[in-house]
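The values are calculated or read from the model by the stated rules, or taken from the named source; none is laboratory data. No experiment lies behind these values; they were computed from the predicted model shown. When we count neighbours, we look across all protein chains shown, and the Cβ atoms used for this are built from the backbone with ideal geometry, even at glycine. Each accessible area value is taken on the protein alone, full model and side chains, heavy atoms only, with ligands, DNA and RNA left out. Shrake-Rupley method; radii C 1.70, N 1.55, O 1.52, S 1.80 Å.
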Amino acid sequence: MLERAIGWIKDNTIPGKGIVITSKREVCYPEVTGYYIPTLLSLGEDKLAHQYARWLVSVQQADGSFGLDGKGYAFDTGQVVRGFVALVEQMPELESPLRRACNWLIEIADAQTGRLQVPSAGGVWKLGSRGEVNEGINLYVLKPLRQAGELLNEPGYIQFVDKSLNYYLENVTLTDFSAANALTHFYAYIQEALVELGCGDVACAGMASAGRYQDSDGAVPAYSDVTWVCSTGQAQLAQVWYRLGENERADAAMRFLEVLQNPSGGFFGSYGRQADYFPDEEISWAVKYAIEAAQLQIASHFNQTVNIYQNEISESDPRVEGVLNYLGDLNGKRVLDAGCGKGRYAAVIKQRYPQADVTALDISEEMLRYVPDGINKVQGGILDMPFGDGQFDAVICIEALEHVVNIENGVKELSRVLAGGGKLMIIDKNKEKLGQLKMPSWEKWFGREELLDMMLSNGLRAQAQFIGHDKVTEPDGLFIAWIGQKEYTISTRDVCSDLKRNNILAGTNEK
Ligand SMILES: C[S@@+](CC[C@H](N)C(=O)[O-])C[C@H]1O[C@@H](n2cnc3c(N)ncnc32)[C@H](O)[C@@H]1O
């Protein structure tokens with residue numbers, strides 16, 4: 001699902017600008033372009049995120065606001081703030097546009113209560129006989145505004161957020177899915193906002209109200225009194241259920257969502273008889289939430305299955321021998337185990353080389369709990385690692401890249417954090433052996449050349465060899481070890497003969 005969804009974003013971005021409104025309205029949408037930015041960063045699509053931000057700066061209105069029709073809207077402006085906040089450290093030129101957008105949000109709000117601006121009745125929030133969109137969706141502005149206050153050192157923004165949050169909690173109905181205007185899409189904005197603002201208990205009540213309508217096939221109707229489904233709302237509810245740890249409901253919602261995806265990678269706004277929320281247009285915001293929910297689905301899978309993974313690995317496992325032989329003496333070196341699981345490789349390295357500075361990164365919090373003391377633990381994704389360029393002398397990534405939603409960006413990121421002369425070792429399964437083991441729907445196995453090409457194009461001198469595993473000491477073709485060194489000055493052929501001469505990859509043979 002994810003690869004096709006990422007393809008849809010690229011196909012529906014207007015060159016040099018932002019994302020379209022829908023497949024039929026090919027006009028850039030500021031609000032959605034704004035909130036796509038953190039999603040793009042999580043996918044390692046930094047260049048596209050920067051492009052979106054630059055375009056947004058170019059369409060900021062004179063008063064600092066954002067909107068589609070020349071008018072400023074709080075919700076839209078808040079979503080651009082969400083994008084700018086995610087990027088401002090990388091792009092300091094966003095600081096002034098960010099400040100102007102935040103100031104506008106606060107200036108136009110009710111000073112007494114902190115109630116944010118609401119479009120005039122019968123305008124962009126009208127829902128026909130169902131009334132107007134619940135103004136509680138403006139809660140989705142507050143977390144970005146709070147983050148802006150922290151980043152820009154503006155305590156006034158944070159005080160405003162506290163006051164405003166209280167206003168909504170006390171004056172707006174936030175947790176009743178049976179309300180006539182509670183389209184899952186809008187309703188889930190409110191629930192996600194509550195979670196991100198630290199009001200998980202309120203969101204639990206809200207999600208329980210929606211959960212009462214979830215069908216056995218995972219579908220949640222777009223409104224409590226219809227049978228059709230809003231794709232975005234379905235993805236958003238899955239996302240919030242994952243965030244609240246309600247994995248069963250979330251997994252069921254995802255199973256239903258996956259079937260809805262069109263061959264283009266996009267989603268119509270709604271599906272089913274009498275569907276009336278963009279039923280024949282692919283809407284850009286559906287793809288964002290489908291991607292976010294799918295990423296959480298992977299993390300949740302590992303959180304839930306943590307018990308089936310082994311805590312330790314034998315030093316005689318050919319993969320361990322391969323790692324130790326290739327990386328050499330690591331004392332005094334900075335080592336990263338990316339997608340470390342329970343840190344069984346990191347632990348072997350630390351034990352063998354106590355002076356190594358070993359960091360273990362994983363997307364799953366539950367896995368990280370098992371990483372032994374003495375190793376730095378970092379929760380995060382391989383596509384967007386919180387490390388500077390060239391921060392490590394050695395990087396290993398073992399049976400983890402196969403779960404990363406964008407392999408090219410994964411290899412790019414693993415190479416980026418490697419210092420000049422540093423070594424990367426990826427061990428994963430061979431595409432030609434697909435079918436040999438049961439695997440989740442998103443898992444990918446790789447061809448030998450496929451990863452080699454990616455390593456080469458990221459400035460690594462690379463080669464690949466079959467490698468044994470577990471008690472299979474002679475390589476049986478299931479696992480491949482890709483090794484590469486950054487900015488190695490001699491030719492690839494020399495590297496290969498050097499590796500062979502020193503028998504660096506014990507337990508391996510060439511294809
Ligand atoms: C099969 S386990 C392998 C763990 C470890 N490398 C080992 O061999 O013991 C795969 C691990 O990759 C992690 N993972 C999956 N996607 C990830 C991502 N995008 N970023 C970081 N870790 C990820 C999972 O949480 C899981 O712990």
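So here's what we get for this one:
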quantity	calculated
Rg to Rh, two decimals, where the stretch 423-470 supplies the alpha carbon set and Rh follows Kirkwood	0.99
For Gln214, distant residues with modelled amide H under 5 Å away	none
Surface/4 of the Cα convex hull for the stretch 146-261, nm²	7.8
Under 11 Å, Cβ to Cβ, from Leu183 - net charge with Lys/Arg +1 and Asp/Glu -1	0
Whole-Hz couplings from phi, Karplus 6.51/-1.76/1.60, listed for the stretch 282-290; x for Gly and Pro	7, 9, 5, 6, 5, 5, 4, 6, 5
With DNA, RNA and ligands ignored, accessible area of Ile106 (1.4 Å probe; Å², nearest 10)	50
When each of Lys342/Lys431; Lys47/Lys431; Lys10/Lys429; Lys433/Lys486; Lys24/Lys126; Lys10/Lys288 is checked by Cα-Cα distance, pairs over 18 Å	Lys342/Lys431; Lys47/Lys431; Lys10/Lys429; Lys433/Lys486; Lys24/Lys126
Taking the C-alpha atoms of the stretch 251-372, convex hull volume expressed per residue in Å³	146
Within the stretch 309-509, percent of DSSP bridges classed antiparallel, to nearest 5	50
The stretch 173-304, accessible area per residue, ligands and nucleic acids excluded (1.4 Å, Å²)	34
Sequence of Val124, Val85 from largest to smallest accessible area, 1.4 Å probe	Val124, Val85
Gap separating the Cα centres of the stretch 83-157 and the stretch 289-312, nearest whole Å	32
³J(HN,Hα) computed for each position of the stretch 119-128 - Karplus, 6.51 cos²θ - 1.76 cosθ + 1.60, integer Hz, glycine/proline x	x, 5, 4, x, x, 5, 9, 6, 10, x
Karplus 3J(HN,Hα) series, Hz, for the stretch 303-310 with 6.51 cos²θ - 1.76 cosθ + 1.60 (x for Gly, Pro)	4, 7, 9, 3, 5, 7, 8, 7
Eligible aspartates and glutamates near Lys444 by straight Cα distance, threshold 13 Å, same-chain separation 8 or greater	Glu3, Glu399, Glu402, Glu408, Asp428, Glu432
Where Met207, Met439 fall by accessible area, highest first, once all protein chains stay in place (1.4 Å)	Met439, Met207
Translational diffusion of the chain, µm² s⁻¹ [Kirkwood Rh, Cα pairs; Stokes-Einstein; 37 °C; 0.692 mPa s]	134
With DNA, RNA and ligands ignored, accessible area of Lys429 (1.4 Å probe; Å², nearest 10)	10
Paramagnetic label zone (point 7 Å from Cα along Cα-to-C-beta, Ala111; backbone N under 15 Å) in the stretch 138-175	160
Mean Cα-pair separation over length for the chain, i.e. relative contact order, pairs under 8 Å, 6 or more apart, %	10
Tilt relative to the chain, helix 492-501 - C-alpha long axis, 0 to 90 degrees, to 10	50
Aspartates and glutamates with Cα under 17 Å of Lys333, excluding same-chain neighbours fewer than 8 positions away	Asp357, Asp389, Asp393
Rounded accessible area of Glu365 (nearest 10 Å², 1.4 Å probe)	100
Sequence of Ile483, Ile14 from largest to smallest accessible area, 1.4 Å probe	Ile14, Ile483
Fraction of antiparallel bridges per DSSP, the chain only, in percent to nearest 5	55
Residue-averaged [θ]222 nm for the chain, counting only DSSP H segments that reach four residues, each worth -39500 (n - 2.57)	-13000 deg cm²/dmol
Percent RCO, i.e. relative contact order, over the stretch 309-509, from Cα pairs under 8 Å lying at least 6 residues apart	21
Within the accessible area of the chain (1.4 Å probe), percent carbon and sulfur	47
Kirkwood estimate for the stretch 309-509, i.e. one over the average of 1/r between Cα atoms, Å	16.7
